[in-house]
Amino acid sequence: MMLGVIRRRVASGGSPASVFGQTFQASRPVVSTSRVSSIAEKEVLLQSRGFGQVRNFGHLVVPGCSGSLRPMREVVASIQREATMQMLSRPFSSDNGDLVDAVVPFMGESITDGTLASFLKNPGDRVEVDEPIAQIETDKVTIDVTSPEAGVIQKFVAKEGDTVEPGTKIAIISKSAEGVAPVAPSEKASEKAVLQPSPPSEKSEEKQKPKVETAPVTAKPKAPSTPPPKRSATEPQLPPKERERRVPMTRLRKRVANRLKDSQNTFALLTTFNEVDMTNLMKLRSDYKDAFVEKHGVKLGLMSGFVKAAVSGLQNQPIINAVIDGDDIIYRDYVDISIAVGTPKGLVVPVIRNAEKMNFAEIEKEINTLAKKANDGSISIDDMAGGSFTISNGGVYGSLLSTPIINPPQSAILGMHSIVSRPMVVGGNVVPRPMMYIALTYDHRLIDGREAVFFLRRIKDVVEDPRRLLLDI
């Protein structure tokens, strides 16, 4: 419509410039931008009130384009797109593009924060891509903070002991090692320059201190007038504080403590015991240990035998593998065995998933893999998530008998203990046998004593005669 009016006015003899000026002053289209741009080597100011405020509209017409709105709108749109792309393509770094931030990574679905346990590097050290520079201690595992780029650590922006969340910046890394090297001396020089004036001030303070202290000198004779309090004969003699050390608990230790106490407060804990003759299982391992290692590349241990026995027991007594959820009972049709592993930092419980589908070799390989991860601190949240039943082997530390505590949200835990040669009656004769006490702690709200005893009896039968697993009896 607007173009038709322009054509009629030009055809009637009006000048194109006056026609354009009158037409756009009458229409006054609104443009919501305040950007200064250069079009056809001229600066044009686009005010938010519209083009009516622009005196020379000819500046808006690009040479080589007809006097219509389409080229002008395309030019404005292209300017906005170009500026937007420039903003989006701006790198997330310092002004010179040399500095990058090392931040706390995602730590797991159920972990919202952690404690900055220690720095593995120092400012000025050279680091490579994905090289650990710090460790974050969470309620379950220790997570490494790695360097996003290769370079030199310029400085740390967090301190050891700080509580950090995913995305928190802890260090600044310079990608150009050459650029950081000359900066360090200057910083040290500046620090020295700042610290140099301090000695005179300290000296001046020391000089002034005697003057200040001269005043209370007259009050010194009054001090002996108050005799020191005498300690009564019945007051206990406590050891001096210098012989005690106060160390804050780690997050892992606090988490373990809270979970174990919650287990005691929630479950109706009851433990039943039995003893196992380890003769046949130990003979099986002794007879086939060399062939087992040669074929599978892993040693045959006793734990795989107990895992297979636990799987058999859980399949015979499904209530042991169940759990209470509110007013319901959840029966699990899978068997995920948690193996309690003691580490220098605390207790961790990695999970052997779908143990009912594994053979002896697969179980031994998985146990070795999880144990190595637990000891070197590389175990992840996924390795410990879930689990329907736990086995704890206190016998590796020499425990003869114990009452293990349930690992929530499970309903039972099996405790293994040390193997001790004891006199046993076999066939009317007293003979020495390698014996082990086993204990089952269970939630008596869900599991009755009958099912608990039957389960523990199944463990005993399978371990004492592993041939039952082959015959499924």
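Once segment 134-154 is narrowed to residues that are within 30 Å of A257 (Cβ to Cβ) and of a type in the set (A, V, I, L, M, F, W, C), the residue that is most open to solvent (accessible area, probe 1.4 Å) is I143. Candidates are the residues of segment 404-424 that are modelled with pLDDT of 95 or more and open to solvent by 60 Å² or more (accessible area, probe 1.4 Å); the one that is farthest from the chain's Cα centre (by Cα) is P423. With respect to being over 35 Å from the mean Cα position of the chain (by Cα) and closer than 21 Å to K357 by Cβ, F273 falls outside the description. Listed by first and then second residue, the pairs with beta-carbon distance under 8 Å, at least 6 apart or on different chains, first residue in segment 279-297 and within 30 Å of P423 (Cα to Cα), second open to solvent by 90 Å² or more (accessible area, probe 1.4 Å), are K289/K299.
Would you be able to tell me the number of residues in segment 389-431 that are assigned to a strand (DSSP E or B) and either farther than 19 Å from V348 by Cβ or basic (K, R) (or both)?
The first filter runs over segment 389-431 and keeps only residues assigned to a strand (DSSP E or B), leaving 389-393, 412-416, 419-426, 429-431.
Applying the additional criterion that residues be either farther than 19 Å from V348 by Cβ or basic (K, R) (or both) yields 412, 419-426, 429-431.
The qualifying residues number 12.
Quick check on segment 346-355. Is at least one of its residues open to solvent by 10 Å² or more (accessible area, probe 1.4 Å) and more than 21 Å from the chain's Cα centre (by Cα)? Yes, there is a match, as at least one residue in segment 346-355 is open to solvent by 10 Å² or more (accessible area, probe 1.4 Å) and more than 21 Å from the chain's Cα centre (by Cα). Considered as a group, the residues in segment 357-382 that are outside any helix (DSSP H, G or I) and open to solvent by 60 Å² or more (accessible area, probe 1.4 Å) include one that is nearest to T146 (Cα to Cα), and that residue is S378.
Can you find a residue in segment 426-447 that is over 20 Å from E356 (Cβ atoms), open to solvent by 50 Å² or more (accessible area, probe 1.4 Å), of a type in the set (D, E) and at pLDDT 95 or above? Looking through segment 426-447, none of the residues is over 20 Å from E356 (Cβ atoms), open to solvent by 50 Å² or more (accessible area, probe 1.4 Å), of a type in the set (D, E) and at pLDDT 95 or above.
Only residues that are farther than 11 Å from I367 by Cα and either under 35 Å from the mean Cα position of the chain (by Cα) or surrounded by fewer than 19 Cβ atoms within 10 Å (Cβ to Cβ) (or both) were counted in segment 301-312, giving 7. Say we look at segment 325-342 and pick out the residues that are among the β-branched types (V, I, T) and surrounded by 15 or more Cβ atoms within 10 Å (Cβ to Cβ); which of these is modelled with the lowest pLDDT? Per the criteria, the residue is V341. Within segment 365-386, residues that are of a type in the set (D, E) reach partners that are at pLDDT below 85 with beta carbons closer than 9 Å, at six or more positions or on different chains, in the pairs D382/G108; D383/V141.
The values are calculated or read from the model by the stated rules, or taken from the named source; none is laboratory data. It should be emphasised that the depicted structure is a prediction, and the values quoted were computed from it without experimental measurement. Using ideal geometry, Cβ is built from the backbone for each residue, glycine included, and neighbour counts are taken over all protein chains shown. Calculation scope for accessible area: heavy atoms of the full protein, side chains included, ligands and nucleic acids excluded. Shrake-Rupley method; radii C 1.70, N 1.55, O 1.52, S 1.80 Å.
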